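Student: Structure below; questions to follow.
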Amino acid sequence: MKTKALHTALLLVMATVALELKAQQAPIFTNYTNSYAYVNAGFAGMSEGVNLLGLYRQQWAGFADNEGNEVAPKTFLFTADMPIPAISGGLGLSIMQDQLGFENNVNIGLGYSYHLDLGGSTLGIGVAGTLLNRSVNFSQLNPNNNGDPLLQGLGEESAMLFDFNVGLFWQLPESLYLGVSVVNVLQSMTKALGDNSESSASFVTDRTFYAVAGYPIRFEDMPGFTFIPSVGVMSNLASTQINAGAKMVYNDVFSLGINYRPQESIGLLVGLTIKDITVGYSYDINTMGIGVPGSHEIALSYCFKLDLDRTPRDYRSVRYL
């Protein structure tokens, strides 16, 4: 079982080395409702405050290859967004570092969302420009075919790519929300790597589609309790991942939840909010049946509410519901 799992890790690392060297599918979070400011440009500034979020995910904690190299994915995400009535919308910033084996990606995005007032609801229409720095140390890879022309002459390679994201995010105050978005619309490609190489390989961003939805439910006979089912779908058309989750929140302070990712994991979530600071933790129990360890995720968020000059409306960020 352990050998099979280690071979799986090697395959995951080698999966980054294709003809165009696309990245692995974009990171997916168990606390995916915390990642909306990154995956959907339309979400920026949809609450009445400055929202800051730091999220760290250690997938398959301690997973190593046959040579003892740790190849488990590690992802750090920081986002910040705020409404700016003067520009009829909001601004958003995201910084993400994603590491898988000998590949490291650093992504910085800056976006704007125009908020369209639909009477009882608001639609955020957003666009964000992104810079991605990708680097791979090909000398650390041990392919089965040492004469693979794709890898000839390649060592530690890095490149910068520009792309952009678009998104729509619609929400009713304290109620239903829906979002659809596309990350890396251009699917940008660098020039061939390795000037002295026979390889024609190049880095390519991975165009990814997202759809999210959630609906907080309050109970008249259970004051203080809020039940929040949600779903998130991401796809690069080659593969699709689904998160189906639910949380029970008590007095907007304590939360317990569960998340199901078909054919991959079951996640257990817990959260605590003190004033405007929320701490969340989740642990994924793998259901893939290949002996890989579980995954840890921790999130810290802060909301600084602003006294905005707009029509009174009690909006709260869906990430804190």
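The values are calculated or read from the model by the stated rules, or taken from the named source; none is laboratory data. Note that the coordinates shown come from a computational prediction; the quantities given were computed from them, not determined experimentally. FYI the Cβ positions are ideal-geometry reconstructions off the backbone, even for glycines, and counts take in every protein chain you see. Surface areas here come from the heavy atoms of the whole protein model, side chains and all, with no ligands, DNA or RNA. Shrake-Rupley method; radii C 1.70, N 1.55, O 1.52, S 1.80 Å.
Student: Please name all residue pairs, on different chains or six or more residues apart, with Cβ atoms under 6 Å, provided the first residue is in the stretch 238-250 and is under 15 Å from residue 265 (Cα atoms) and the second residue is of a type outside the set (Gly, Ala, Ser) and surrounded by fewer than 14 Cβ atoms within 10 Å (Cβ to Cβ).
Tutor: 242/262
Student: For residue 207, are the conditions met, namely being of a type outside the set (Phe, Trp, Tyr), open to solvent by 70 Å² or more (accessible area, probe 1.4 Å) and either at pLDDT below 95 or under 30 Å from residue 161 (Cα atoms) (or both)?
Tutor: Yes, satisfied.
Student: Moving to a separate point now. For residues that are modelled with pLDDT of 90 or more and out of contact with any Phe, Trp or Tyr (no Cβ under 7 Å at 6 or more places or on another chain), scanning just the stretch 222-232, find the one that is farthest from residue 181 (Cα to Cα).
Tutor: So the residue we want is 226.
Student: Now a separate question. Suppose we keep only residues that are crowded, with 20+ Cβ neighbours inside 10 Å and among the hydrophobic types (A, V, I, L, M, F, W, C) within the stretch 83-110. Which one would you say is modelled with the highest pLDDT?
Tutor: Among residues in the stretch 83-110 that are crowded, with 20+ Cβ neighbours inside 10 Å and among the hydrophobic types (A, V, I, L, M, F, W, C), the one modelled with the highest pLDDT is 96.
For every residue, the table says whether it meets (1) of a type in the set (A, V, I, L, M, F, W, C); (2) in contact (Cβ under 8 Å) with a residue 60 or more places away in the chain; (3) assigned to a strand (DSSP E or B).
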site	(1), (2), (3)
75	no, no, yes
80	yes, no, yes
91	yes, no, yes
96	yes, yes, yes
99	no, no, yes
104	no, no, yes
107	no, no, yes
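Student: Within the stretch 263-274, is even one residue open to solvent by 70 Å² or more (accessible area, probe 1.4 Å) and of a type outside the set (A, V, I, L, M)?
Tutor: Yes, some residue in the stretch 263-274 is open to solvent by 70 Å² or more (accessible area, probe 1.4 Å) and of a type outside the set (A, V, I, L, M).
Student: Here's something else I'd like to know. Among (1) surrounded by 15 or more Cβ atoms within 10 Å (Cβ to Cβ); (2) farther than 28 Å from residue 103 by Cβ; (3) modelled with pLDDT under 95, there is one condition residue 219 misses while meeting the rest; what is its number?
Tutor: For residue 219, the failing item is (1).
Student: Please verify whether the stretch 236-252 includes one or more residues that are at pLDDT 85 or above, in contact with a Cys (Cβ under 9 Å, 6 or more places away or on another chain) and surrounded by 16 or more Cβ atoms within 10 Å (Cβ to Cβ).
Tutor: no
Student: Okay, moving on. Determine which member of the set 124, 129 is open to solvent by less than 10 Å² (accessible area, probe 1.4 Å) and either part of a strand (DSSP E or B) or over 19 Å from residue 59 (Cβ atoms) (or both).
Tutor: 124
Student: Just one of (1) open to solvent by 40 Å² or more (accessible area, probe 1.4 Å); (2) assigned to a strand (DSSP E or B) trips up residue 134, so point out which.
Tutor: Condition (1) is where residue 134 drops out.
Student: Is it true that some residue in the stretch 42-55 is open to solvent by 60 Å² or more (accessible area, probe 1.4 Å) and modelled with pLDDT of 80 or more?
Tutor: yes
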